[in-house]
Amino acid sequence: MSPGHNITVPADADIRMGGLSGKISKVALPVGIILLIVSVVLGASVGEHFDRFFHGYLVALTYWLSVALGGLFFIILQPLTRSRWSPVVRRLAEIIANSIPLLFVMALAGIIVPMLAGSSGPYHHWVHPDPNDHILHGKHAWLNVPFFCARIAVYFLAWGALARYFFKKSLAQDESGDAEISERLRVASAPAMLLYAITVCFGAFDLLMSLDPHWFSTIFGVYYFAGCVLSIFASLILASLFLQRCGKLKDVITTEHYHDMGKFLFAFVFFWSYIAFSQFMLIWYANIPEETVWYQPRMFTSWSAISLVLLFGHCVFPFICLLSRWTKRWTKLLAFFAIWLLVMHYVDLFWLVMPQLTPEGFSFHPMDITSLLGMGGLFVWWNARTASKVNLIPTKDPQLGNSLHLENF
C-alpha cells in the first residue's frame, strides 16, 4: 500500500484502552507491591544474608527483562526488514519495550544499590574471592563491584534510549502521518540492532554467567537472547487475545496474525533448542574440567530432573505440537502453548541461576514465586499505564493497510 493511501481502521476496532487500563492498574499495582514486600520478609526470615532472596530476585528480574528486551528486538527488527504483517501488533511490543525504565529501578533496588552498599548480592563468588584463586584475580579488572554496576547501568540506559526513540517516532507518525518517519526508523534500525546485540550479550554475561566466574560460554548471550524473543511472541499472543476478549482491536488482529506469531513462536522454540544443544555438545565432547563444572550439578544431582523438564517441556513437546498449521491458527490452543512456554522460560532461568546457590540439589522457596509475581504485577501496571496514553495500533503507519488485510497462503 502506498504511503498516500487512506487507511481505514474497522469502525468497531476500539483502539484505546479507556477504563480497562485503570481496572488493570488497580489490581496489578497493589498485588505487585504486596508480593515484593512478602518476598523481602521471607528473605529476612530465611537468613543466609538474603542469599536466597537475591537469587530469586535475579531470576524474576531477568525473566521480566527478557520480555522487555524481546519487545525491543521486535520493534527494531520490523523497520529493518520493512515488515508488512506486523503493524497491528507492533504497538503492543513498543509498550512492553518501554517498561525498561521500571526494570532499571528494580535492578537498582535489588542488585546495584545493595552491592554498592557492601552486599555481594548473588555474586559472592567474585565479590569476596578466595585470595588464592588465581582465575578470579585475573578477572578482577572486569569483575569488580564499581565497574560491574556501571556496566549494568549503561546496558539499561542503552536499552531504554533505544526503546524510547522507536516509540517516540512511532507516536509522532500517529500525529503527523509522515511516511518519511518509517524510512528514518529503517535507517536507524541497523546500528540499533548492532547496539542491541552487543548489550544483550554482555548483559547476559554479567547478570547471569558471572554467577559462576570460573566458567564461561561465548554462546551464552545468544542463549539468553533466544529466550527473550520466545517470551515476547508468547506475550504478544496472550496480550492480543486478552485485549480482544475485553472488546479491543476487533477485526484488527486476526487469525492470520496469530498464525504468523505462532510461526515465530515455533521458530524460536527450535532456535532455543539449537543453541542449548550447541552449548552443551561443544562442552561435552571437549570434556575439559574447567568447562564441564557448570553442567555437573545440573546433570548429576536432583537438578537433572529440571534438565529433563527443559528437554521435553521447552523443546520436544512444543516443537512437535507447533509444527502443525492448525495449532497456530486455533487461538485457544496457541494461547495454551504461549502460557506453557512462558512457564518453561521461567524454569529455564531458574535452572540457570539456582544451582549456583544450592549445587548439592534442587531447592525451591515460596519467595521465588512471590518475587516473580510481585515484579510481574509492577510490570503489568507499568504497561497498562503506558497503554492508556496511546492508540493500541500505529494508525498512520504506511504498512497498516497491508497488515489489516494480511492473508497466509
(request) State, to one decimal in nm, how far the label point of F277 lies from the label point of A172, with both points 7 Å from Cα in the Cβ direction. (result) 4.6
(message) If I take the Cα coordinates of the stretch 206-287 and project them onto the principal axes, what are the three extents in Å, biggest first?
(response) 55, 23, 13
(message) Taking R0 as 25 Å, what FRET efficiency do you get between H124 and V41 from their Cβ-Cβ distance, rounded to the nearest 0.05?
(response) 0.70
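Could you give the size of the charge dipole of the chain about its Cα centre, using +1 on the Cβ of each K and R and -1 on the Cβ of each D and E, expressed in debye and rounded to the nearest 20?
Roughly 1240 debye for the chain.
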(request) Run the numbers on the chain and let me know its relative contact order in percent, using alpha-carbon pairs under 8 Å that are six or more apart. (result) 38
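Using Cβ contacts closer than 10 Å as the measure, can you line up L352, L238 from fewest to most?
On the way: L352 23, L238 15.
With the fewest neighbours first, L352, L238 line up as L238, L352.
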(message) Between the stretch 333-351 and the stretch 92-123, what is the separation of their alpha carbon centroids in Å?
(response) 23
(request) Return a whole-number percent for the relative contact order of the stretch 286-409, with Cα pairs under 8 Å and 6 or more residues apart as the contact set. (result) 27
(message) Placing +1 on the Cβ of each Lys and Arg and -1 on the Cβ of each Asp and Glu in the chain, which of T301, A117, A141 has its Cα farthest towards the positive end of the resulting dipole?
(response) A117
(request) Just give me a number: lysine pairs in the chain, eight or more positions apart or cross-chain, with C-alpha atoms less than 16 Å apart. (result) 9
(message) Can you tell me which of Q173, Q296, Q399 moves the most in a GNM of the chain? Springs connect C-alpha atoms under 10 Å apart.
(response) Q296
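Work out the FRET efficiency for C246 and T8 from their Cβ-Cβ distance, taking R0 = 30 Å, and round it to the nearest 0.05. Intermediate values should be presented prior to the final figure.
Details: r = 23 Å, r/R0 = 0.76.
It comes out at approximately 0.85.
Please get the size of the charge dipole for the stretch 1-135, origin at its Cα centre, with Cβ charges of +1 on Lys and Arg and -1 on Asp and Glu, quoted in debye to the nearest 20. Could the numbers behind the result be given before it?
Details: 8 positive and 7 negative charges, 145 e Å.
It comes to approximately 700 debye.
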(message) What is the distance in Å between the Cα centroid of the stretch 248-300 and that of the stretch 124-175?
(response) 24
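Just so you know, all these numbers are worked out from the coordinates, no wet-lab data involved. Keep in mind it's a predicted model, so treat the numbers as computed, not measured. Cβ atoms come from the backbone with ideal geometry, glycine included; neighbour counts cover every protein chain shown.
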